[in-house]
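Have a look at the structure below before the remarks.
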Amino acid sequence: MRNFILMVGLFFFFAHTVSAQPFIDEIHAFKKQDSLTVPEKNGNLFVGSSSLRMWKNIREDLAGYKVINRGFGGSSLPDVIRYVNEIIFPYQPRQVLIYCGENDLAASDTVSAELVAGRFKQLFSLIRNRWHKIPIVFISIKPSPSRMHLIPKMEAANRMISNFLHQQHNTKFIDVFSLMMVNGKPDETLFLEDQLHMNAKGYAIWTKAIRPYLK
């Protein structure tokens, strides 16, 4: 009975530990991938949420440049911050490109544009404190049709982050938001059936917008 109670206790302990670490399986997969094939130095490191994770042809679309894609799950900025030692700092990138913040806004009505901008600034500071001169690029929050109610917050968060980056050195803000709008609304033809994730047409817009900023 004593051993049984101990086993039950260990089960709940490990279950709690895993649940307290969202996306941990994907992070472990990145580590395993790196152990098998060490990423090249001086690459363009992409970090963020599923819009990057689902960009399966990113290396083909951005051919001619070294690309490391560390987009994972439906991550928000706190998740990227949580795993900064696993998905950013192990590499020696030429620059870091970030797409994140959309899921932050979708998570709760209490999440404001100011909060998202503040979270981004925290991530920015972590990277800059480690690498003082490395270029940091933010890809604007995209206007997903399924999240139409969040468009004002998206625009506000993009504006705040853009204004912040313009006050820093070695930074860029890539505006994909306006490129994905038609007549004041998100272009639904750029998205999959869920009207959240992009199709090939959506990624073609991203490719054209991002390529000029790659190193």
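The values are calculated or read from the model by the stated rules, or taken from the named source; none is laboratory data. In this text the structure is predicted, and so the values were computed from the model without any measurement. Ideal geometry is used to build each Cβ from the backbone, glycine not excepted, and the neighbour counts take in all protein chains shown. The area values use the complete protein model at the heavy-atom level, side chains included, leaving out ligands, DNA and RNA. Shrake-Rupley method; radii C 1.70, N 1.55, O 1.52, S 1.80 Å.
Residues are listed down the side, and each one gets a yes or a no for (1) among the small types (G, A, S); (2) touching a residue at least 12 places away in the same chain (Cβ under 8 Å):
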| residue | (1), (2) |
| --- | --- |
| K56 | no, no |
| D61 | no, yes |
| Y65 | no, yes |
| F72 | no, yes |
| D79 | no, yes |
| N85 | no, no |
| I88 | no, yes |
| R94 | no, yes |
| S108 | yes, no |
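Looking at the structure I just gave you, is V47 part of a loop (DSSP other than H, G, I, E, B), β-branched (V, I, T) and closer than 24 Å to K215 by Cβ?
So V47 fails the test.
For residues in segment 166-180 being assigned to a loop (DSSP other than H, G, I, E, B) and closer than 16 Å to P143 by Cα, which is most open to solvent (accessible area, probe 1.4 Å)?
Within segment 166-180, the match that is most open to solvent (accessible area, probe 1.4 Å) is D175.
Between a first residue in segment 21-49 that is of a type in the set (F, W, Y) and a second residue that is surrounded by 12 or more Cβ atoms within 10 Å (Cβ to Cβ) and modelled with pLDDT of 95 or more, which pairs have beta carbons less than 6 Å apart while being 6 or more apart in sequence or on different chains?
Going by the 6 Å Cβ cut-off, the qualifying pairs are F23/F72; F46/L52; F46/N69; F46/L97.
What are the residues in segment 56-82 that are farther than 12 Å from N103 by Cα, open to solvent by 10 Å² or more (accessible area, probe 1.4 Å) and part of a loop (DSSP other than H, G, I, E, B), if any?
K56, N57, A63, G64, Y65, K66, listed by residue number.
Going through N163, N199, N183, N129 one at a time, which residue ends up being at positive phi and either at pLDDT below 95 or open to solvent by 20 Å² or more (accessible area, probe 1.4 Å) (or both)?
Every option except N183 fails the conditions.
Here are the criteria: (1) touching a residue at least 40 places away in the same chain (Cβ under 8 Å); (2) under 26 Å from P78 (Cβ atoms); (3) open to solvent by 20 Å² or more (accessible area, probe 1.4 Å); (4) out of contact with any strand residue (DSSP E or B) (no Cβ under 8 Å at 6 or more places or on another chain). Tell me which single one R211 does not satisfy.
R211 satisfies all of (1) touching a residue at least 40 places away in the same chain (Cβ under 8 Å); (2) under 26 Å from P78 (Cβ atoms); (3) open to solvent by 20 Å² or more (accessible area, probe 1.4 Å); (4) out of contact with any strand residue (DSSP E or B) (no Cβ under 8 Å at 6 or more places or on another chain) except (2).
Which one of N103, N158 is in contact with a strand residue (DSSP E or B) (Cβ under 9 Å, 6 or more places away or on another chain) and either closer than 26 Å to K41 by Cβ or in a helix (DSSP H, G or I) (or both)?
Answer to the check: N158.
Looking at (1) surrounded by 16 or more Cβ atoms within 10 Å (Cβ to Cβ); (2) without any contact (Cβ under 8 Å) to a residue 40 or more places away in the chain, which is the one condition that is false for F124?
The number of the failed condition is (2).
Just to be sure, is E86 farther than 26 Å from G202 by Cα and more than 16 Å from the chain's Cα centre (by Cα)?
The answer is no for E86.
Of everything in segment 128-147, what is within 14 Å of the chain's Cα centre (by Cα) and of a type outside the set (K, R)? Give them in sequence order.
I136, V137, F138, I139, S140, I141
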